[in-house]
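As structure tokens, the structure follows; a few thoughts come after it.
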Amino acid sequence: MGTLRVLSGKKLLKILLKNGFYALRKKGSHVFVESIDGRCGTAVPLHGNEDLGKGLLRSILNDLDLTVEDLEEMM
């Protein structure tokens, strides 16, 4: 398993939107994203430019069926 980079919610959302995901809805400071084929989705918190914790980022990746390597390739 690769090394997980520190990302903000805004940066992660930008990466996901460019790579096969779309914003389903927004509620408060969270954007709900889903894959274009509808197989998976999750919420991405947007709290300013605050970095996501490594555990939260890993949980988001698991919800989206992505690995750390997949995220690195998307960047």
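Readers should treat all values here as calculations from the given coordinates under stated rules, not as data from a laboratory. Source: prediction; values computed, not measured. All Cβ positions, even for glycine, are placed from backbone atoms using ideal geometry, and neighbour counts span all protein chains on display.
Among Gly53, Gly41, Gly28, the residue with the largest mean-square fluctuation in a Gaussian network model of the chain, with springs joining Cα atoms closer than 10 Å, is Gly28.
Projecting the Cα atoms of Leu7, Leu61, His30 onto the charge dipole of the chain, computed from C-beta unit charges around the Cα centre, puts His30 farthest toward the positive end. As a rough footprinting exposure proxy, the listed residues His47, His30 were ranked by other beta carbons within 10 Å of their own, and the order from fewest upward is His47, His30.
Loop only per DSSP, at most 15 neighbouring Cβ atoms within 10 Å: give me the trypsin sites (Lys or Arg not before Pro) in the stretch 34-75, ordered by residue number. Qualifying residues, ordered by number: Arg39.
Residues whose amide H falls under 5 Å from that of Cys40, counting only those 5 or more places apart or on a different chain, are Ser35, with hydrogens built in the peptide plane. Computed about its Cα centre, the charge dipole of the chain is approximately 380 debye, with only Lys, Arg, Asp and Glu carrying charge at their Cβ. With only the Cα atoms considered, the chain has a convex hull volume of 78 Å³ per residue.
Working note: Karplus 6.51/-1.76/1.60 with θ = phi - 60° gives the stretch 3-16 the couplings 7, 8, 7, 8, 10, 7, x, 4, 5, 4, 4, 4, 5, 5 Hz, where Gly and Pro are set to x.
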